[in-house]
Structure formats: structure tokens, C-alpha cells
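First up is the structure itself, then whatever we jot down about it.
The values are calculated or read from the model by the stated rules, or taken from the named source; none is laboratory data. Keep in mind the model is a prediction, meaning the values are calculated, not measured. As a convention, Cβ positions derive from the backbone with ideal geometry for all residues, glycine included, and neighbour counts pool all protein chains shown.
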Amino acid sequence: MLVRERAHAKINLALHVTGRRQDGYHELDSIVAFADVADVLTIAPAGAVSLSISGPFAGDLPGDGENSVTSAWTLLSEYSRQKGAPITPVNFQLEKNLPVASGIGGGSADAAAALRGLIRHFGLGISPDELSELALRLGADVPVCLFQQSSRMRGIGEIIAPVSLELPSAMVLVNPLIPAPTSKVFSSLNLQPGQSFGAGIVNLLDIESWRNDLTAPAVTLVPEIAEVIGSLNFQPEIICSRMSGSGATCFGLFESLGAAQTAAESITQKHPPWWVVATTLLQ
């Protein structure tokens, strides 16, 4: 049996850094939504665990060794073995359509898709709470990527609550195709363990009051991010623009899909090397 899962791009509409815990993890208050552009993961029975990668960004991922997808199998295999019902090997085929190290949760979304797909493939009965606990072991963003719905995410990513966003759904995503490694961006904040930082999100309805506290350190590492935001802000009918996650992908919300498509065409003409996509938010 083949199982196919879509790993949608995770967009941080807001990302407030509120401090750093004693264990070194940064605490966040973030509004997350998902765009209708995705990696595609196919799972099939196999004699040994294997991963093949295709798609426009296949060359940016190693095809051998452990990655977020095979790590999900390893984690679920250990869990199932402890429950007395071990799972068998599978082949993963990953169509990599999202840029790597780009602030839209590609690796986390792929890991979450692997967990969802494996659970369907093997017919496993795992409660949502238990599944979220497993997902957190794969990465702070993996739990929110499991359900792919608009959410407020707090703590290090483990406190998740669905939110209803009254926003236009048309969006343009732009990435200058320069990696912005998450660890380096967070390190550039220079927060000490136990140190507080900015305020959390006060108004869930006021997108203008939202911010991304990682923008300044990311721009220091990848100056092209500022140019991306400037290009988005230059477009007609734009509502707002912001960097997503730790960058370097930025988004612009638009009044209509037509306006978003026109903006994407304009930016592509001026910056052919950039990754530019007009899309919509999942509702």
C-alpha cells in the first residue's frame, strides 16, 4: 500500500521571542499558518529503510544518512517496539519542493508528514497528545506541523492552540536562496540562559502589532532578506510583509490572489534567481 502525505510550508505570521530558558532553549510566542505549497512524501513497504529525494531542491539534502524523515521512522519504530507491535521498514520518496534552511519548516513539516504517513500505513492507534510528545522529540516545530492548521504556538513549540485568523489568504513567498541556519540566527540574539526578551503577542486580531524578533539577526547574516522585504513592500495591494521563522523566506499578504500572482511575476522578472511563489493560506 502506498501512502502519500503533503508537508505544507509553515509560515510564522508572528514570531515573538520572549526569553531563553535555563536549559538553553528559546521561548516563543508565535502565530503559525500553513501555505498551499508543499513537499510530497510517499511511503511504500520495503526490505530496508531507504529514502530517495527528487524535486527542485533535492540537491540541497543528503540522500544518505539520517534526516528528519528517517528519524521519524526510527522514533516510531522504537515506540512501537516498546508497545509490543514493531513496525517494518519502508521506502520514503520525498519530492522536495520547498527550499532548505529557509524558515518555513520544511524539515519539520517533512518529519510530521512521515509520522502521519507511518501511522496511516501501519494503522497505529496513537492519541493526539502522545503523538505530539513524540513529535517534539524530533524538533520544536514538528508538533504544530502535525495538524497543519492555524495555531498559536508558545513555549519552545509544545504549547499549541488553534486560532481563527481573519486575514486575506492570498500570499507571496520569496526566498533569495541563501540559507539562514536557525542555530546561527538564534545565537545572534545573544540571550543568556534565564534572560527575558520581548513581550508576547497581545492582540490576536491586530497583525500590524505582530513582529518577528529574528529579523534583525537574520538580516545581519543574510542581508538580502532586507531586499526581499523591500521588493514585497513595493508591490500594489500588499497588506503587510514579514520574514518567516529564522529566514530567509519572507511573505507578503495581498488583497487578492490575482494581486499576489501579479506581484510574484514582477519580483521574478527583477530577481530571476530567487524562489518566488504565489499561493494561499490553508483555511
Mind checking whether some residue in the stretch 193-207 is among the charged types (D, E, K, R) and within 16 Å of the chain's Cα centre (by Cα)?
no
Checked pairs for the stretch 88-113, first farther than 17 Å from Ser50 by Cβ, second modelled with pLDDT under 95 and of a type in the set (Val, Ile, Thr), C-beta under 9 Å and 6 or more apart or across chains, list as Ala101/Thr182; Gly103/Thr182; Gly106/Val100; Gly107/Val100
Exactly one of these conditions fails for Ser77: (1) more than 21 Å from Arg4 (Cβ to Cβ); (2) free of Cβ contacts under 8 Å to residues at least 24 places away in the same chain. Give me its number.
(1)
Would a scan of the stretch 53-69 turn up a residue that is surrounded by fewer than 20 Cβ atoms within 10 Å (Cβ to Cβ), of a type outside the set (A, V, I, L, M, F, W, C) and in a strand (DSSP E or B)?
yes
Filtering the stretch 239-262 down to residues that are in contact with an Asp or Glu (Cβ under 8 Å, 6 or more places away or on another chain) and closer than 12 Å to Thr279 by Cα yields Phe254, Ser256, Ala259
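To keep it simple, each residue is scored yes or no on (1) over 30 Å from Val185 (Cα atoms); (2) out of contact with any Lys or Arg (no Cβ under 7 Å at 6 or more places or on another chain); (3) in the same structural domain as Asn203 (by TED's automatic domain parsing); (4) of a type in the set (A, V, I, L, M, F, W, C).
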residue: Gln82; (1), (2), (3), (4): yes, yes, no, no
residue: Lys96; (1), (2), (3), (4): no, yes, no, no
residue: Leu115; (1), (2), (3), (4): no, yes, no, yes
residue: Leu118; (1), (2), (3), (4): yes, yes, no, yes
residue: Val142; (1), (2), (3), (4): no, yes, no, yes
residue: Ser150; (1), (2), (3), (4): no, yes, no, no
residue: Ile156; (1), (2), (3), (4): no, yes, no, yes
Single residue of Ile201, Ile178 found to be touching a His at 6+ places or on another chain (Cβ under 7 Å), part of a loop (DSSP other than H, G, I, E, B) and aliphatic (A, V, I, L, M)
Ile201
For Asn203, state whether it is free of Cβ contacts under 8 Å to residues at least 40 places away in the same chain, more than 16 Å from Asp29 (Cα to Cα) and not aliphatic (A, V, I, L, M).
no
What is the one condition in (1) over 19 Å from the mean Cα position of the chain (by Cα); (2) of a type outside the set (A, V, I, L, M, F, W, C); (3) over 20 Å from Arg137 (Cα atoms) that Asp39 does not satisfy?
(1)
Please specify each residue of the stretch 245-274 satisfying the condition of being part of a loop (DSSP other than H, G, I, E, B) and either in contact (Cβ under 8 Å) with a residue 40 or more places away in the chain or within 16 Å of the chain's Cα centre (by Cα) (or both).
Gly245, Ser246, Gly247, Ala248, Thr249, Glu255, Ser256, His271, Pro273, Trp274
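Kindly provide the set of residues from the stretch 146-177 that are among the hydrophobic types (A, V, I, L, M, F, W, C), under 22 Å from Gly230 (Cα atoms) and at pLDDT below 95, ordered by number. Let's see the steps before the verdict.
Let us first name the residues in the stretch 146-177 that are among the hydrophobic types (A, V, I, L, M, F, W, C), namely 146-147, 153, 156, 159-161, 163, 165, 167, 170-174, 177.
Then keep just the ones that are under 22 Å from Gly230 (Cα atoms); that gives 167, 170-174, 177.
Scanning the stretch 146-177 gives a single hit, Leu167.
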Pairs, first free of Cβ contacts under 8 Å to residues at least 40 places away in the same chain in the stretch 225-242, second among the β-branched types (Val, Ile, Thr) and surrounded by fewer than 20 Cβ atoms within 10 Å (Cβ to Cβ), C-beta under 7 Å, six or more apart
Cys240/Ile207; Ser241/Ile229
Going residue by residue through the stretch 128-151, is there one that turns out to be buried (at least 22 other Cβ atoms within 10 Å of the Cβ), more than 12 Å from the chain's Cα centre (by Cα), farther than 30 Å from Trp274 by Cβ and without any contact (Cβ under 8 Å) to a residue 60 or more places away in the chain?
yes
